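Peer 1: Structure in structure tokens, see below.
The values are calculated or read from the model by the stated rules, or taken from the named source; none is laboratory data. Just so we're clear, the structure is a prediction, and the values are computed from it rather than from any experiment. Cβ coordinates were reconstructed from backbone atoms using ideal geometry, including for glycine residues, and neighbour counts include every protein chain displayed.
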Amino acid sequence: MSNINLSEIKVIKIDIIFKGGLMERNSLMKSVEKDWEKFLLIPISEKLQYFSRDGRIYDCLFAQQLDRDILTHLFKVADVLRKITKNKEGMRFANGLMSHKRSMLYFVQPSTRTFLSFLNACHILGIKTGEIRDTSISSELKGETPEDSVRTFSSYVDLIIMRHPLPNFVEKSAWLMNKTKRPVPIINGGSGKDQHPTQALLDIYTLYRSFNGEIDGKTIAMVGDLKRGRTVRSLSYLMKNYRNMKLIYISPKEFAMEKDILDFLKRHNISYYETDNFEEGIREADAIYMTRIQDEHDKNGESNKVDISAFCLNGNHLNKIKKDSIIMHPLPRRQEISVEVDDDPRAMYWRQERNGMWVRAALISYIFGCDEDILKYK
Ligand code: NCD
């Protein structure tokens, strides 16, 4: 007879159960990962259905989801909303539209504007908001996966707005969420270097407002770090909705636009050219869209090796660009637009920020189906 005592047997048993549970969990996670990898490979045009409900966008993840009709509709809703909320009665009406809803802003990558504009957009519609901006004080520090964290938020709220450094993470969250019994919509507030659809939405809304609704036929120069900037990528996708657009990509060769976007433009017959001659490129543009160097994506200090001084807009350029052009920037800026440009009537970036809040409120109202109430408000 061996002399193993009972408590040892208990420990061995618990260990087996625990390890067994872990193995089961691991193999389950592996099969979910496999499904996800398969899903990721599906062309975006084919998977849009998965992120729509009853013919409208449910999860707003990609700029490719925004077609011309939706854009025009959202511009109208945003225009009405900003007008009616100028007085107390109208604001009270807007505040009542979604006062029964709660949202979570999960912004685990630096953000000032996008965070504040979504926060205020929610508040305009009466949505109560919660936020996580730092994973070091969330349960992710205890080993919870970000996927489990997202699932946890959905237990408490009706909408998740998310910014994440990992490419495709926002899409994966929406994909996982749609498999659960209590999905909530997810809006992409910026993911990795790949997409920033609501920035593109506010950028195109800014073009719409600046050019009295006439976007067709405009020439847009995009300047700076085109390779790693998600805003210029998402905005480029939206060009397919408009006729006779012309794009000028101005950048140092090291930061030229990626091939997948250039292929997209070719497929959709959108005319573009690439140049590293800033002064020449901005001359014929109706809109000059400046961006900063995205050095957070550096692997080997590549940003410091490139001289970007020739890709900066200053007071001397103001009489060389079109009189009725506009100057845009998703912000934050560094030296690529000098402050002396701020007072020029063509500087649109501060208004662009504000446009973001209104058009994001319009998007949220649309996802929840109270957009028509806004349009009907007298
Ligand atoms: C942009 C971003 O986060 O991609 N900022 C923003 O959302 N307004 C651009 C940038 O950070 O350069």
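Peer 1: Residue by residue through segment 341-355, note down the ones that are in a loop (DSSP other than H, G, I, E, B) and hydrophobic (A, V, I, L, M, F, W, C).
Peer 2: Correct list: Met348 only.
Peer 1: Identify all residues within segment 285-295 that are out of contact with any strand residue (DSSP E or B) (no Cβ under 7 Å at 6 or more places or on another chain) and touching a residue at least 40 places away in the same chain (Cβ under 8 Å); write none if there are none. Break it down stepwise before answering.
Peer 2: Quick first cut of segment 285-295, residues out of contact with any strand residue (DSSP E or B) (no Cβ under 7 Å at 6 or more places or on another chain) only: 292-295.
Within segment 285-295, Arg292, Ile293, Gln294 meet the criteria.
Peer 1: Let me ask another. Could you grab the pairs with beta carbons closer than 6 Å, sequence gap of 6+ or different chains, first residue in segment 107-136 and under 22 Å from Thr152 (Cα atoms), second one away from the ligand (no atom under 16 Å from the Cβ) and in a loop (DSSP other than H, G, I, E, B)?
Peer 2: What qualifies is Ile127/Met98; Ile127/Lys101; Ile132/Ser138.
Peer 1: I'd like the residue in segment 227-242 that is surrounded by fewer than 24 Cβ atoms within 10 Å (Cβ to Cβ) and farther than 18 Å from Gln65 by Cα and, out of all such residues, is farthest from the ligand (Cβ to nearest atom).
Peer 2: If we take residues in segment 227-242 being surrounded by fewer than 24 Cβ atoms within 10 Å (Cβ to Cβ) and farther than 18 Å from Gln65 by Cα, then Lys227 is farthest from the ligand (Cβ to nearest atom).
Peer 1: Just to be sure I understand the filter: pairs with C-beta atoms under 9 Å, separated by 6 or more residues or on different chains, first member in segment 167-190 and in contact (Cβ under 8 Å) with a residue 40 or more places away in the chain and more than 22 Å from Arg360 (Cα to Cα), second member of a type in the set (Lys, Arg) and within 15 Å of the ligand (Cβ to nearest atom). Which pairs pass?
Peer 2: The qualifying pairs do not exist here.
Peer 1: Right, something else. State whether one or more residues within segment 363-378 are over 26 Å from Ile57 (Cα atoms), loosely packed, with under 15 Cβ neighbours inside 10 Å, without any contact (Cβ under 8 Å) to a residue 60 or more places away in the chain and not basic (Lys, Arg). Talk me through it step by step, then tell me what you get.
Peer 2: Taking segment 363-378 first, the residues over 26 Å from Ile57 (Cα atoms) are 378.
When the remaining residues are screened for being loosely packed, with under 15 Cβ neighbours inside 10 Å, the result is 378.
With without any contact (Cβ under 8 Å) to a residue 60 or more places away in the chain added as a condition, the list becomes 378.
Narrowing further to those that are not basic (Lys, Arg): none.
The answer is no, given that none of the residues of segment 363-378 is over 26 Å from Ile57 (Cα atoms), loosely packed, with under 15 Cβ neighbours inside 10 Å, without any contact (Cβ under 8 Å) to a residue 60 or more places away in the chain and not basic (Lys, Arg).
Peer 1: To continue, here is another question. Could you run through segment 246-274 and say how many residues are within 17 Å of Glu284 (Cβ to Cβ) and touching a Lys or Arg at 6+ places or on another chain (Cβ under 6 Å)?
Peer 2: So the count comes out to 1.
Peer 1: So, one more: Restricting the search to segment 76-94, which residues are in contact with a Leu (Cβ under 7 Å, 6 or more places away or on another chain) and surrounded by fewer than 17 Cβ atoms within 10 Å (Cβ to Cβ)? Don't jump to the end; show me each part of the working.
Peer 2: Quick first cut of segment 76-94, residues in contact with a Leu (Cβ under 7 Å, 6 or more places away or on another chain) only: 76-77, 80, 94.
Scanning segment 76-94 gives a single hit, Lys76.
Peer 1: Across segment 119-155, what is the number of residues that are out of contact with any helix residue (DSSP H, G or I) (no Cβ under 6 Å at 6 or more places or on another chain), among the β-branched types (Val, Ile, Thr) and farther than 30 Å from Arg82 by Cα?
Peer 2: The number of residues fulfilling the criteria is 4.
Peer 1: So which of Asn212, Asn188, Asn168 ends up being within 16 Å of the ligand (Cβ to nearest atom) and out of contact with any helix residue (DSSP H, G or I) (no Cβ under 6 Å at 6 or more places or on another chain)?
Peer 2: Asn168
Peer 1: Has segment 310-328 got any residue that is more than 29 Å from Glu254 (Cα to Cα) and within 16 Å of the ligand (Cβ to nearest atom)?
Peer 2: Taking every residue of segment 310-328 in turn, none turns out to be more than 29 Å from Glu254 (Cα to Cα) and within 16 Å of the ligand (Cβ to nearest atom).
Peer 1: Next question, about the same structure. If you scan segment 329-378, which residues turn out to be among the β-branched types (Val, Ile, Thr), farther than 29 Å from Met91 by Cα and within 14 Å of the ligand (Cβ to nearest atom)?
Peer 2: Across segment 329-378, the qualifying residue is only Ile337.
Peer 1: I would also like to ask the following. Tell me, yes or no, whether segment 279-296 has at least one residue that is aromatic (Phe, Trp, Tyr), surrounded by 15 or more Cβ atoms within 10 Å (Cβ to Cβ) and out of contact with any Asp or Glu (no Cβ under 9 Å at 6 or more places or on another chain). I'd like the intermediate steps shown before the answer.
Peer 2: Here is the first cut: in segment 279-296, the ones aromatic (Phe, Trp, Tyr) are 289.
If we keep only those that are surrounded by 15 or more Cβ atoms within 10 Å (Cβ to Cβ) as well, we get 289.
Right, trim to out of contact with any Asp or Glu (no Cβ under 9 Å at 6 or more places or on another chain) and you get none.
So far as segment 279-296 goes, no, none of its residues is aromatic (Phe, Trp, Tyr), surrounded by 15 or more Cβ atoms within 10 Å (Cβ to Cβ) and out of contact with any Asp or Glu (no Cβ under 9 Å at 6 or more places or on another chain).
Peer 1: Of the conditions (1) surrounded by 14 or more Cβ atoms within 10 Å (Cβ to Cβ); (2) at pLDDT below 95, Phe311 fails just one. Which one is it?
Peer 2: In the conditions (1) surrounded by 14 or more Cβ atoms within 10 Å (Cβ to Cβ); (2) at pLDDT below 95, Phe311 misses (2) alone.
Peer 1: Turning to a different aspect of this structure: Could you tell me whether any residue of segment 356-372 is over 24 Å from Leu116 (Cβ atoms) and either at pLDDT 95 or above or part of a helix (DSSP H, G or I) (or both)? Show your work before the answer.
Peer 2: From segment 356-372, those over 24 Å from Leu116 (Cβ atoms) are 369, 372; that's our starting set.
Narrowing the set further to residues that are either at pLDDT 95 or above or part of a helix (DSSP H, G or I) (or both) leaves 369, 372.
Yes, segment 356-372 contains a residue that is over 24 Å from Leu116 (Cβ atoms) and either at pLDDT 95 or above or part of a helix (DSSP H, G or I) (or both).
Peer 1: Continuing with this model, one more query. Would you point out which residue out of Leu97, Leu66, Leu74, Leu159 is touching a residue at least 40 places away in the same chain (Cβ under 8 Å), closer than 16 Å to Val184 by Cβ and more than 16 Å from the ligand (Cβ to nearest atom)?
Peer 2: The unique qualifying residue is Leu159.
Peer 1: Kindly provide the set of residues from segment 144-200 that are more than 24 Å from Val359 (Cβ to Cβ), among the basic types (Lys, Arg) and crowded, with 16+ Cβ neighbours inside 10 Å, ordered by number.
Peer 2: Arg151, Lys172
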